[in-house]
Amino acid sequence: MSNAIAPPHSCWPFISPARGARLSMTSFDVQCFDDTAFAACGMALPESLSRAVTKRRAEYLAGRVCARHALAELDIHVNALPSLADRQVDWPTTVRGSITHARNLAAALVSTIPTHQGLGVDAERWLTTERADYLATSILTPREQQVLSVFTPEQRSRAITLTFSLKESLFKALYPLTGTRFYFHDARVEGLDPTASPGQCTLVLSCTLSEIWLPGTRLIGDFADMGDHALTAVMTDAEPNPAATLL
């Protein structure tokens, strides 16, 4: 393993049971990174990254190292995980997964269990109160903003960070299933306690993604405080529970 990327490790910081999923994490140092890290990790530098900045190369490799480690936990051994035209990961057959990176942390969530049709994981550095307030209107729906108005500044910044990350995880879980892009105001978060770790909340779609992923569909979001980072995950079946799609 390269000095720029720490050996990945398995963990499960969420309330929802893993049910056969695997989560692997690592830390990496962009300042120590150069292209020899690819060979040290047993991977080739993709042609698509030939002109990428060092930060992007480090993030890519750290994420793939986590994904390879998580897959090995499922007895699936690969050397590389190429990207598709839409930049999604080209996972092996029967595998669903998601990769994330933020500053010096990377993680990958994978599963081969049939009920795990949608998996999304996201890591974000905790926002400062000033940055959180600046981004609030672009991340939060009016209903979410109203709920957060009673929070302390610190709670509010944590809630905005978690909301951002949870919606990123939601997109990663549902886009591969629907092929439809959606944005921060196309879903809302309910029941979020920013002081909890680990914690859970509900994500509610407010747009139509497909014939079965309709407005009002409710999903569970998991989150955990990983020190400098928030880590979130959304794990869903291929089809939503019809009884749970009422607004």
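The values are calculated or read from the model by the stated rules, or taken from the named source; none is laboratory data. All values derive from a computational prediction rather than experimental measurement. Cβ sites come from the backbone with ideal geometry, for glycine too, and all protein chains shown count toward neighbours.
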### Task
Give the number of residues within region 209-225 that are in contact (Cβ under 8 Å) with a residue 24 or more places away in the chain and outside any strand (DSSP E or B).
8
### Matching residues, region 121-162, being in contact with a Phe, Trp or Tyr (Cβ under 8 Å, 6 or more places away or on another chain), closer than 20 Å to Asp228 by Cβ and among the polar types (S, T, N, Q)
Ser157, Thr161
### Query
Does Ser16 meet the test of being in contact (Cβ under 8 Å) with a residue 12 or more places away in the chain, outside any loop (DSSP other than H, G, I, E, B) and of a type in the set (Gly, Ala, Ser)?
no
#### Entry: Residue in region 69-90 that is farthest from the chain's Cα centre (by Cα), counting only those that are touching a residue at least 60 places away in the same chain (Cβ under 8 Å) and under 19 Å from His9 (Cα atoms)
Glu73
### Summary
Among Ala44, Ala39, the single one that is assigned to a loop (DSSP other than H, G, I, E, B) and either at pLDDT below 95 or among the acidic types (Asp, Glu) (or both) is Ala44
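Look at Ala136 and say whether it is touching a Pro at 6+ places or on another chain (Cβ under 9 Å), of a type in the set (Gly, Ala, Ser) and either buried (at least 21 other Cβ atoms within 10 Å of the Cβ) or outside the structural domain of Ser16 (by TED's automatic domain parsing) (or both).
Details: touching a Pro at 6+ places or on another chain (Cβ under 9 Å): no; of a type in the set (Gly, Ala, Ser): yes; either buried (at least 21 other Cβ atoms within 10 Å of the Cβ) or outside the structural domain of Ser16 (by TED's automatic domain parsing) (or both): yes.
Judged against the criteria, Ala136 is not a match.
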### Task
Kindly indicate whether any position in region 226-233 is within 19 Å of Phe164 (Cα to Cα), over 19 Å from the mean Cα position of the chain (by Cα), part of a loop (DSSP other than H, G, I, E, B) and at pLDDT 95 or above.
no
### Message
Suppose the filter is farther than 30 Å from Ile220 by Cβ, under 23 Å from the mean Cα position of the chain (by Cα) and not assigned by TED's automatic domain parsing to the domain that holds Val234; does Leu61 pass it?
### Response
yes
### Message
Against the definition (crowded, with 23+ Cβ neighbours inside 10 Å, in contact with a helix residue (DSSP H, G or I) (Cβ under 9 Å, 6 or more places away or on another chain) and not assigned by TED's automatic domain parsing to the domain that holds Ala18), how does Ile160 come out, yes or no?
### Response
yes
### Message
Restricting to region 202-230, give me the number of residues that are closer than 26 Å to Asn104 by Cα and of a type in the set (A, V, I, L, M, F, W, C).
### Response
4
### Task
Please indicate, with yes or no, whether at least one residue in region 58-74 is buried (at least 18 other Cβ atoms within 10 Å of the Cβ), out of contact with any Lys or Arg (no Cβ under 9 Å at 6 or more places or on another chain) and in a strand (DSSP E or B).
no
### Task
Look through Thr93, Thr36, Thr54 and report the one residue that is free of Cβ contacts under 8 Å to residues at least 24 places away in the same chain, exposed (fewer than 14 other Cβ atoms within 10 Å of the Cβ) and of a type in the set (S, T, N, Q).
Thr93
